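The structure appears below as structure tokens.
Quick note: the coordinates plus some simple rules give every number you see, no bench work behind them. No experiment lies behind these values; they were computed from the predicted model shown. Please note: Cβ atoms are built from the backbone with ideal geometry, for glycine as well, and neighbour counts cover all protein chains shown.
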Amino acid sequence: MEDKRCVDSLVIKNSHVLPSDTNNHGTLFGGRLMAYMDDVAAIAATRHARRNVVTASTDSVDFLHPIYQGHAICLEAFVTYTRTTSMEVFVKAITEDLLTGERHICATAFLTMVAVDENSKPVSVPCVKPETEEEIWLHEGAPRRAQQRKERRDESKEFSKRFGTEFPWHRKG
């Protein structure tokens, strides 16, 4: 399998923030932004692997700047790191006041996507080849982020085991 450049998976998506996209503060619903991020990450990962993909995890999403109704939201995503079947995808969201041209980074996140075959079984993906200073910096930090994800996933499994499917105060016995 031939290595692929980060830029080969680059996705750029722009959307106008409409009233139906906003909350009572006139800003984009956080969940809508997260759905946009998942969408562009999936496209970038699919473009890299040329396979169907599923979302394995989303790292924390910090909302750094509000996204107002009437503004535009631009999302950029590309694969930064690969393992055997998984891909780390960096997503950056930028808001723009279309009347003034003022732009702000409103969120960044890393999503982990896994390539799957027609039976939803994980399949190998090509390695990624970073080229720019920023891509190399993201690539070099990926093993540390992967370890943090593993620790977080282990903790989530412990929560699941402890709490099960019922609320603690509803348990019988």
Separation of the A146 and K13 label points, Cα + 7 Å toward Cβ, nm:
2.6
What is the sum of charges around R103, taking Lys and Arg as +1, Asp and Glu as -1, for the other residues whose C-beta is under 14 Å from the C-beta of R103?
-3
Other residues with Cβ under 15 Å from the Cβ of M34 give, with Lys and Arg +1 and Asp and Glu -1, a net charge of -2
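Which entries of K13/K161; K121/K161; K4/K157; K4/K161; K13/K150 show an alpha-carbon separation above 28 angstrom in the structure shown? Numbers along the way, then the final one.
Working: K13/K161 39 Å; K121/K161 25 Å; K4/K157 33 Å; K4/K161 39 Å; K13/K150 30 Å.
Correct reply: K13/K161; K4/K157; K4/K161; K13/K150.
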For n ≥ 4 DSSP H runs only, could you compute -39500 (n - 2.57) per run for the chain, divide by its residues and tell me the 222 nm figure to the nearest 500?
-10500 deg cm²/dmol
Would you mind classifying segment 29-102 by shape? Square roots of the alpha carbon gyration tensor eigenvalues, ordered a ≥ b ≥ c; an a/c under 1.5 is rounded, otherwise it is prolate if a/b is larger than b/c and oblate if not.
prolate
Give the label of the value calculated from the structure for Cα extents along the principal axes in Å, choosing from (i) 53, 38, 28; (ii) 57, 53, 31; (iii) 70, 40, 31.
(ii)
Spin-label model distance (nm) - F163 vs Q69, 7 Å beyond Cα toward Cβ
3.4
